[in-house]
Amino acid sequence: MNETQPAVTSHEATPRKRLHVITWGCQMNVYDSGRMSDVLAPLGYTAADTPEGADMVILNTCHIRDKAAEKVFSELGRLRRLKEATGGHMILAVAGCVAQAEGREILARAPYVDIVLGPQTYHRLPEMVARASRAGGAVIETDFPAEDKFDHLPEQATPQGVTAFLTVQEGCDKFCSFCVVPYTRGAEQSRPAAAILAEAQRLIARGSREITLLGQNVNAWHGAAPDGGTWGLGTLLRAMASLPGLLRLRYATSHPRDMDVALIEAHRDLPGLMPFLHLPVQSGSDRILTAMNRKHTADDYLRLVDRLRSARPDLALSSDFIVGHPGETDADFAATLALVRSVGFAQAYSFKYSPRPGTPAAGAPGQVPEVEKSRRLQALQGLLRGQQDRFNAACNGTVMDVLFTGRGRHPGQIVGRSQYLQPIHITESASLIGEERAVRIRDVHPNSLSGTLVQERLSA
Ligand code: 5AD
Ligand code: SF4
């Protein structure tokens, strides 16, 4: 999943109890933070912009790379002082994947934390808050409970805006050598289609015009169909596309192995399914792909891209790459560069391999020195940046469909997203927010595009 910067949820209302949530990591964590706020709303918690004086602070953490736990501990150090300033009244909770992976360590190192909860137990938060307030001791919930958390979460209370996320699948059974997700999020689980369609209808009723279906391995989704059988993601997308009021659909993140015929045909047949696909490949070397336990070759990926592009010729691709996986040689890295050249990506994320305790690659021989990882990352990012710049430059002068999502940074400006997720700003009335319009691109900036509305031709 794509990374986001630490984000703060804010929707101030009449404060009774104030809840501040800090979110790291992927879009699913952003979604989860919203659901945790929803679950606490009946207890009187409303969102607060800052942690100062809050009754409760939740850190929703990410463990995928880097010094995740260290970031959490340094934030906890800051919050400890705020908690002391409230006479110990503030409830401090650590949620998400660091909580799942290092729950006991968190309580040992930061005994002032009240609640540690894994991603599968959010629906039990009210009970944990009650226990923490009563007992005074720490509450830890990092099991994978037998009941389905989605059955126990309230309907979404907080509107998400013009573009919304909807979790359809969680967990992963792929066990890539480097990845903590199968351990922190557990086994693959798909929500039933009816529940997803009902949630989508609620989002649309509250103004959402674009929905991104989320899952750690979203295209492995296989949920109970409304008529009894089982659907795959292609069929679900068809059902979603027929919902009145919904203009755009996306899904993330996919595994190349789970891209089936029905899903490729959905790209061919559904104009509302955006022609932009995030399809991580991680490496272009078959030797490393095998070591990574990815279960596909570089050639499998290239052939898949060909099939997708035949189905939807305007499809643009995004991907994830890891450099310096244990055992990666110069020749392996050269194969990654070759794959990038042969596909041509509209944008991509690339990372240095970061050993995750408990994963097979962490203890594997042939760990690559840090300086070599940095050198490879720089080379790869240079190549990817060039491809992204060329993709954006090619948009100049063309007409693109833009869904407007909010006001821009400058007065009179509004911003939206192209089909390819590029931010696009124009000077127009805010009444267009929530609408999709044709825009002629007139300028390309480093991280965005700008243009002017294409005036609709008056019918004779
Ligand atoms: N080290 C570096 N990158 C990683 N990713 C996942 N685990 C690791 C790791 N241990 C990257 C993968 C994945 C993305 C979400 O994060 O590229 O697709
Ligand atoms: Fe991690 Fe691999 Fe599963 Fe993606 S497919 S979540 S990289 S184990």
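At a glance:
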| read-out | value |
| --- | --- |
| Number of positions in segment 51-98 that are of a type in the set (S, T, N, Q) and open to solvent by 60 Å² or more (accessible area, probe 1.4 Å) | 1 |
| Cβ pairs under 8 Å, 6+ apart, first in segment 303-328 and in a strand (DSSP E or B), second charged (D, E, K, R) and within 12 Å of ligand 1 (Cβ to nearest atom) | ILE322/LYS352; VAL323/LYS352; VAL323/LYS373 |
| Filter result for PRO355 (in a loop (DSSP other than H, G, I, E, B), within 16 Å of ligand 1 (Cβ to nearest atom) and of a type outside the set (D, E, K, R)) | yes |
| Filter result for the condition that a residue is among the hydroxyl-bearing types (Ser, Thr, Tyr), in contact with a strand residue (DSSP E or B) (Cβ under 7 Å, 6 or more places away or on another chain) and within 16 Å of ligand 2 (Cβ to nearest atom), over THR230, THR253 | THR253 |
| Subset of segment 108-123 [part of a helix (DSSP H, G or I) and surrounded by fewer than 19 Cβ atoms within 10 Å (Cβ to Cβ)] | ALA108, ARG109 |
| Meets criteria (touching a Gly at 6+ places or on another chain (Cβ under 8 Å) and closer than 23 Å to ALA379 by Cα) for VAL340 | yes |
| Matching residues in segment 264-302 - criterion: being of a type outside the set (A, V, I, L, M), closer than 23 Å to LYS352 by Cα, assigned to a loop (DSSP other than H, G, I, E, B) and touching a residue at least 24 places away in the same chain (Cβ under 8 Å) | PRO280, SER283, GLY284, SER285, ASN293, ARG294, LYS295, HIS296 |
| Qualifying position, being out of contact with any strand residue (DSSP E or B) (no Cβ under 6 Å at 6 or more places or on another chain), within 16 Å of ligand 1 (Cβ to nearest atom) and within 30 Å of PRO423 (Cα to Cα), among ASP258, ASP269 | ASP258 |
| Residue in segment 246-263 that is under 26 Å from ALA346 (Cα atoms), among the basic types (Lys, Arg), touching a Lys or Arg at 6+ places or on another chain (Cβ under 8 Å) and crowded, with 17+ Cβ neighbours inside 10 Å present | yes |
| Pair list, Cβ < 7 Å and 6+ apart or interchain, from segment 371-395 residues that are closer than 10 Å to GLN347 by Cα to residues that are of a type in the set (Lys, Arg) and not in a helix (DSSP H, G or I) | none |
| Any chance PHE404 is under 24 Å from the mean Cα position of the chain (by Cα) and either among the hydroxyl-bearing types (Ser, Thr, Tyr) or in a helix (DSSP H, G or I) (or both) | no |
| Residue count, segment 392-415 (criterion: in contact with a Gly (Cβ under 8 Å, 6 or more places away or on another chain) and of a type outside the set (S, T, N, Q)) | 7 |
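The values are calculated or read from the model by the stated rules, or taken from the named source; none is laboratory data. Keep in mind that what you see is a predicted model, and the values were worked out from it rather than measured. Here Cβ is always computed from backbone atoms with ideal geometry, including for glycine, and neighbour counts include all displayed protein chains. Accessible surface areas use protein heavy atoms only, side chains included; no ligands, DNA or RNA. Shrake-Rupley method; radii C 1.70, N 1.55, O 1.52, S 1.80 Å.
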